[in-house]
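To start, the structure under review is shown below, and the notes come after it.
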Amino acid sequence: MNKRYDYIIVGAGSAGCVLANRLSSRHSVSVLLIESGPDDSNALIAMPRGIGKLLTPGNPHVWDYKVSRGPQQAEDIWLKGRAIGGSSSINGMVYVRGAPEDYDAWEAAGCTGWGWDNMGRHFVELEDHALGAAPERGIGGPLKISVQSSGGPLCEAVLTAGVQAGTPRVDDINLANTAGPGGLGYQTQNIWHGQRYSAAKAFLDPVRNRPNLDVLTLTDVLWINFEDKRATSVTVRDSSGERAISAGKEIIVCAGAIQSPKLLQLSGVGPAALLESHGIAVVKDAPQVGRNLREHFFLAMQYRVKSHSLNHRFFGLGLLRSVWQYYTGRKGPLTHSAHEIGGFVKTRPELDRPDAQIGVSLYSLTYGEDKVVPEKQPGLTLGGYFMRPQSQGEVSIRSANPDVPPYICANYLESVTDRAAAISMYRWIRQLASQPALAPFIVGATTPSVDAQSDEEILEAFKQWGGTAFHVSGTCRMGSDAESVLDPSLKVRGVSGLRVVDTSIMPSLISGNTNAPAMAIALRAAEIIAAELANPQIAPSGHLTGVAN
């Protein structure tokens with residue numbers, strides 16, 4: 001007979017690990033954490049630049065999806081974490097919080113309790129920051145945060161070029177993502193002593209032996225089961241077959257912005273016409289489940305340089321040296337995050353705050369039919385994206401069979417605002433590359449994406465060469481309106497015993513990477529749940545507990 005739990009958490013990613021930690025801290029509560037993928041014991045997960053091997057379709061540590069970019073655009077491939085730690089175990093380890101205005105906009109739109117006054121303190125609570133304490137920076141928290149050490153003359157030249165282009169150099173790029181001119185600096189990263197510091201390492205590993213917490217890996221959640229519109233159990237499948245596991249208090253879906261709406265739809269919560277077309281009984285007609293998909297559209301612009309690239313450290317004898325440095329002292333290029341330099345820039349002087357995020361990497365890549373590898377000659381990558389996209393895509397199931405991948409459309413550049421911002425960012429990066437500080441280094445552009453001149457040619461470059469920034473969000477948005485999937489306490493409207501906690505809850509995409517916000521969202525959710533347990537009659541959002549409005 002299966003054990004019954006108070007809370008079942010679906011997905012052991014960034015949000016799921018945080019919730020497992022916080023909910024199981026109450027000894028009277030039993031918690032089950034279920035992960036579709038394997039444990040995070042692979043050595044490539046701990047090695048920061050192991051992402052070069054992990055982020056490949058077919059790797060057992062990732063979900064891979066074929067995605068429609070939008071009309072008249074090539075197909076995209078999206079990769080998301082499928083292991084303990086989720087995407088925090090396979091991502092680029094770029095630690096970015098988003099801008100305070102992002103969260104204040106959520107609250108202004110009706111998401112009570114989700115403004116910067118709350119979210120800002122949760123980021124501080126998260127952090128054990130190498131730069132030390134500051135009003136908006138934490139120390140002593142569970143997540144270790146460091147800053148990329150000096151990258152040598154080429155990095156210094158890029159930072160000087162940024163100043164020449166009107167963007168100041170800063171020590172903490174997160175503090176630059178507010179009002180004013182923005183800033184570029186060495187990348188803030190969740191890397192500690194040369195190794196990845198994932199949500200699993202920060203939140204799950206320290207509590208995994210708690211007697212009231214169980215963790216299942218290599219276990220798929222096929223659907224959620226309801227009784228009179230209350231979520232009561234999940235049907236799971238592992239090597240021994242299928243079975244149902246019951247939850248006494250809540251099922252909390254933390255499966256990510258693709259799998260969470262897919263699971264709701266498979267379980268009967270979603271657009272009624274879609275569900276009925278696949279023979280799924282409708283529990284709650286929720287047209288917005290899977291809608292409002294937001295994603296950053298990233299473009300990498302590559303340049304040949306004379307020296308100080310790291311390309312030669314990723315193949316042949318150079319790679320052997322890098323591996324030796326990593327395993328003997330946790331040093332060298334295999335300990336770097338996705339970018340050596342990062343930051344936030346105003347691409348037009350009339351703006352009141354940064355509108356684009358920039359990443360600078362001391363490598364360049366060559367793209368073959370079946371693999372991506374570093375170029376043999378020295379190269380530099382200047383990449384970025386417009387941070388607040390208005391274009392909206394969707395996720396929808398194609399079948400009642402959980403093994404069938406969903407239909408995903410990113411709908412990049414559908415919005416006029418996004419097209420104008422993409423053009424502006426493209427021109428800013430090319431302006432950066434043309435500054436005097438980089439003249440002794442840059443030989444010329446090496447990718448076709450850098451050759452565009454007219455606005456139309458720039459947009460075509462994005463369509464041909466742009467792609468996902470791995471920040472998909474918004475597909476189970478919260479809000480105060482009746483059409484929102486979740487209320488501000490993250491309960492699914494129209495049913496009870498069911499909550500969603502991950503980046504799918506975002507009403508709009510934050511200005512930057514989404515890994516740190518996923519953890520802060522989970523801390524906020526845990527606080528809301530704790531308050532409800534202390535006062536079962538009234539939720540912090542002001543709603544009566546039970547079926548969400």
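Of the residues making up segment 288-308, those that are in contact with a helix residue (DSSP H, G or I) (Cβ under 8 Å, 6 or more places away or on another chain), part of a loop (DSSP other than H, G, I, E, B) and more than 22 Å from Gly11 (Cβ to Cβ) are Ser307, His308. Among the residues here, Gly479 does not qualify as surrounded by fewer than 24 Cβ atoms within 10 Å (Cβ to Cβ), modelled with pLDDT of 95 or more and under 15 Å from Leu264 (Cα atoms).
I'd like to know if segment 324-343 contains one or more residues that are acidic (Asp, Glu), surrounded by 15 or more Cβ atoms within 10 Å (Cβ to Cβ) and over 20 Å from Cys155 (Cα atoms).
There is no residue in segment 324-343 that is acidic (Asp, Glu), surrounded by 15 or more Cβ atoms within 10 Å (Cβ to Cβ) and over 20 Å from Cys155 (Cα atoms).
Could you tell me which of the residues Ser68, Ser36 is in contact with a strand residue (DSSP E or B) (Cβ under 7 Å, 6 or more places away or on another chain) and surrounded by 22 or more Cβ atoms within 10 Å (Cβ to Cβ)? Just a single option satisfies the conditions, and that option is Ser36. Just wondering, is there one or more residues in segment 456-466 that are small (Gly, Ala, Ser), more than 24 Å from the chain's Cα centre (by Cα) and assigned to a helix (DSSP H, G or I)? Checked segment 456-466: at least one residue is small (Gly, Ala, Ser), more than 24 Å from the chain's Cα centre (by Cα) and assigned to a helix (DSSP H, G or I).
When restricted to residues that are assigned to a helix (DSSP H, G or I) and buried (at least 24 other Cβ atoms within 10 Å of the Cβ), segment 1-33 contains 9. Reported count of residues in segment 517-537, each being touching a strand residue (DSSP E or B) at 6+ places or on another chain (Cβ under 9 Å) and in a loop (DSSP other than H, G, I, E, B), is 1. For segment 443-468, the candidate set comprises residues that are among the small types (Gly, Ala, Ser) and surrounded by fewer than 19 Cβ atoms within 10 Å (Cβ to Cβ); within that set, the residue that is nearest to Gln73 (Cα to Cα) is Ser454. Among the residues of segment 189-229, those identified as in contact with a Leu (Cβ under 8 Å, 6 or more places away or on another chain) and in a strand (DSSP E or B) are Leu213, Asp214, Val215, Leu216, Val221, Leu222, Trp223, Ile224.
Yes/no per residue for (1) surrounded by 24 or more Cβ atoms within 10 Å (Cβ to Cβ); (2) more than 30 Å from Phe441 (Cβ to Cβ):
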site	(1), (2)
Gly140	no, yes
Leu143	yes, yes
Gly152	no, no
Ala157	no, no
Asp172	no, no
Pro181	no, no
Leu184	yes, no
His193	no, yes
Lys201	yes, yes
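Summed over segment 481-516, residues that are in a loop (DSSP other than H, G, I, E, B) and within 30 Å of Gly183 (Cβ to Cβ) total 10.
The values are calculated or read from the model by the stated rules, or taken from the named source; none is laboratory data. None of these values were measured; they are calculated from a predicted model. Positions of Cβ are backbone-derived with ideal geometry, glycine not excepted, and every protein chain shown enters the neighbour counts.
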